[in-house]
Amino acid sequence: MGKAAELVIGDKKVKAGERVTVDLPVARLYTHTSMSMPVHVVRSKREGPTLFVSAAVHGDEINGTEIIRRLLESKILKRLRGTLLAIPVVNVFGFVYGSRYLPDRRDLNRVFPGASKGSLASQLAHLFMSEIVAHADYGIDLHTGSYHRFNLPQIRCDMGDERTAELARAFGVPVILDATLRDGSLRQAVTEEHKIPMLLYEAGEAMRFDETSIRAGLRGVTNVMRTIGMLPKKRSRKTVATENALQPIVAASSSWVRAPISGILTRPVDLGARVTKGDLLATVTDPYCDTCGEVRSEHEGIIIGRHELPLIHKGDALFHIGLPEKSVTTDISLEAFEEQLKPMAAEPQSFPPRRRETSK
């Protein structure tokens, strides 16, 4: 979108050089309280692409909300080209109630592209598509693991599309998952209906801020903005060394390992650990030591997600294993990844990096 193009969101016409917040009406609560989806529009006078960055499509996945808040506070936006559409809270109802879902119990990320006269979820999806995606050239959607599941920082996208693959590598996280499209997801609607590159960032867990995940996400978004020409490229020796230090592992698919019995999960392997078929991932016991079971890997790969509660039921999804295209010889060190995020140390750090117990 060039600087001369007209941009209208809701009932607001945004001129080149303006920075505004547009409240898109969604629906009222039964208390008659009005609910709206705020869209922060940052528009440069200089010509460039339009990128949307969204968070809290699942209302309890709040890491992305903090990533966008920090992005909007960043002084680097003074050097912006093009237009940034930032939506820190898409599912405003779920965000208020601390819920993944909408009041109609629907998962918003399963009803895209939605319909103007459908369910509440469907109408919200349609609003997002018509008011946000319709204006965009690129998209980034920010997520976390679901309740009590912690995800290693990772990008999920279609690596078969060259432009998308370029942006995924530029984002700069340990793992890229070449993920199939889920029916009704925002990513499916964006890529299939609008044919624009889109990344889905996963890191951390629901209802918790994780500083490493937030910093990695903020750096990743700005990396993408540099790659598509919205921000100037930064090529200092320090930056080059940092970028070259991380070579993401590309996983062609993934698989969940489930609990063989109910009980108490002990000695789980770390996120980022390399595992082979038959490796012991954890043990399951009970409070009386009457039963004991083993959780073993059925594949060779990298642990990209982990169930965080020690109390489990038979069949619970415990470990998410990314299955790389090529054999992996070492673990992914979260400590080393955190070190790579230190060039951003000048920015405020509200939450210390989460320390995980090692299984060694």
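The values are calculated or read from the model by the stated rules, or taken from the named source; none is laboratory data. These numbers come from a predicted model, not from an experiment. No Cβ is skipped: glycine too gets one built from the backbone with ideal geometry, and neighbour counts run over all protein chains shown. Please note that ligands, DNA and RNA were not included when accessible areas were found on the heavy atoms of the full protein model with its side chains. Shrake-Rupley method; radii C 1.70, N 1.55, O 1.52, S 1.80 Å.
Among the residues of region 213-233, count how many are over 22 Å from Val89 (Cβ atoms) and open to solvent by 10 Å² or more (accessible area, probe 1.4 Å).
Narrowing region 213-233 to residues over 22 Å from Val89 (Cβ atoms): 223, 226-233.
In the following step, the residues that additionally are open to solvent by 10 Å² or more (accessible area, probe 1.4 Å) were identified as 223, 226-229, 232-233.
Within region 213-233, residues that are over 22 Å from Val89 (Cβ atoms) and open to solvent by 10 Å² or more (accessible area, probe 1.4 Å) number 7.
Just for region 340-358: of the residues that are within 20 Å of Gly220 (Cβ to Cβ) and either modelled with pLDDT of 80 or more or of a type in the set (S, T, N, Q) (or both), which one is most open to solvent (accessible area, probe 1.4 Å)?
Top of the filtered list is Gln349.
Just one of Ser213, Ser116, Ser146 is more than 30 Å from Ala5 (Cβ to Cβ) and modelled with pLDDT under 95; which is it? Walk me through it before giving the result.
Working: Ser213 fails: modelled with pLDDT under 95; Ser116 fails: more than 30 Å from Ala5 (Cβ to Cβ).
After applying the criteria, what remains is Ser146.
Picking from Glu73, Glu18, Glu47, Glu6, which residue would you name as being open to solvent by 30 Å² or more (accessible area, probe 1.4 Å), in contact with a Gly (Cβ under 7 Å, 6 or more places away or on another chain) and either of a type outside the set (Val, Ile, Thr) or at pLDDT 95 or above (or both)? Steps first, answer last, please.
Numbers: Glu73 fails: in contact with a Gly (Cβ under 7 Å, 6 or more places away or on another chain); Glu18 fails: in contact with a Gly (Cβ under 7 Å, 6 or more places away or on another chain); Glu6 fails: in contact with a Gly (Cβ under 7 Å, 6 or more places away or on another chain).
Being open to solvent by 30 Å² or more (accessible area, probe 1.4 Å), in contact with a Gly (Cβ under 7 Å, 6 or more places away or on another chain) and either of a type outside the set (Val, Ile, Thr) or at pLDDT 95 or above (or both) holds for just one of Glu73, Glu18, Glu47, Glu6, which is Glu47.
Quickly run through region 1-53 and pick out the residues that are closer than 14 Å to His135 by Cα and under 23 Å from the mean Cα position of the chain (by Cα).
Val39, His40, Val41, Val42, Pro49, Thr50, Leu51, Phe52, Val53, listed by residue number.
How do the strands (runs of 3 or more DSSP E) wholly within region 122-205 filter down when requiring 3 or more residues that are within 16 Å of the chain's Cα centre (by Cα) and hydrophobic (A, V, I, L, M, F, W, C): which remain?
Details: elements: 138-145, 149-157, 175-178, 198-205.
Qualifying strands (runs of 3 or more DSSP E): 149-157, 175-178, 198-205.
Filter region 175-194 down to the residues that are of a type outside the set (S, T, N, Q), closer than 11 Å to Phe112 by Cβ and surrounded by 19 or more Cβ atoms within 10 Å (Cβ to Cβ) and list them by number.
Passing the criteria: Gly184, Leu186, Arg187, Ala189, Val190.
Got at least one residue in region 51-64 being in a helix (DSSP H, G or I) and modelled with pLDDT of 95 or more? If you could, list the steps in order and put the result at the bottom.
Applying the first criterion (in a helix (DSSP H, G or I)) to region 51-64 yields 63-64.
Within this subset, residues satisfying the condition of being modelled with pLDDT of 95 or more are 63-64.
Within region 51-64 (the criterion being in a helix (DSSP H, G or I) and modelled with pLDDT of 95 or more), the answer is yes, since at least one residue qualifies.
Let me confirm something: among Leu85, Leu72, which residue is outside any strand (DSSP E or B), over 21 Å from Ser122 (Cβ atoms) and of a type in the set (A, V, I, L, M)? Break it down stepwise before answering.
Working: Leu85 fails: outside any strand (DSSP E or B).
Result: Leu72 is the single residue among Leu85, Leu72 that is outside any strand (DSSP E or B), over 21 Å from Ser122 (Cβ atoms) and of a type in the set (A, V, I, L, M).
Here is a list: Leu246, Leu231. Which entry is modelled with pLDDT of 95 or more and of a type in the set (A, V, I, L, M)?
Numbers: Leu246 fails: modelled with pLDDT of 95 or more.
Going through Leu246, Leu231 in turn, just one is modelled with pLDDT of 95 or more and of a type in the set (A, V, I, L, M): Leu231.
Within region 76-113, which residues are open to solvent by 30 Å² or more (accessible area, probe 1.4 Å), β-branched (Val, Ile, Thr) and over 15 Å from Leu51 (Cβ atoms)?
Val96, Val111
Which residue, of Asp104, Asp161, is over 24 Å from Ile67 (Cα atoms) and touching a residue at least 24 places away in the same chain (Cβ under 8 Å)? Break it down into steps so the answer makes sense when it comes.
Values: Asp104 fails: touching a residue at least 24 places away in the same chain (Cβ under 8 Å).
Checking each option against the conditions leaves just Asp161.
Which condition from (1) buried (at least 23 other Cβ atoms within 10 Å of the Cβ); (2) under 18 Å from Arg182 (Cβ atoms); (3) among the polar types (S, T, N, Q) is the one that Ser122 breaks?
(1)
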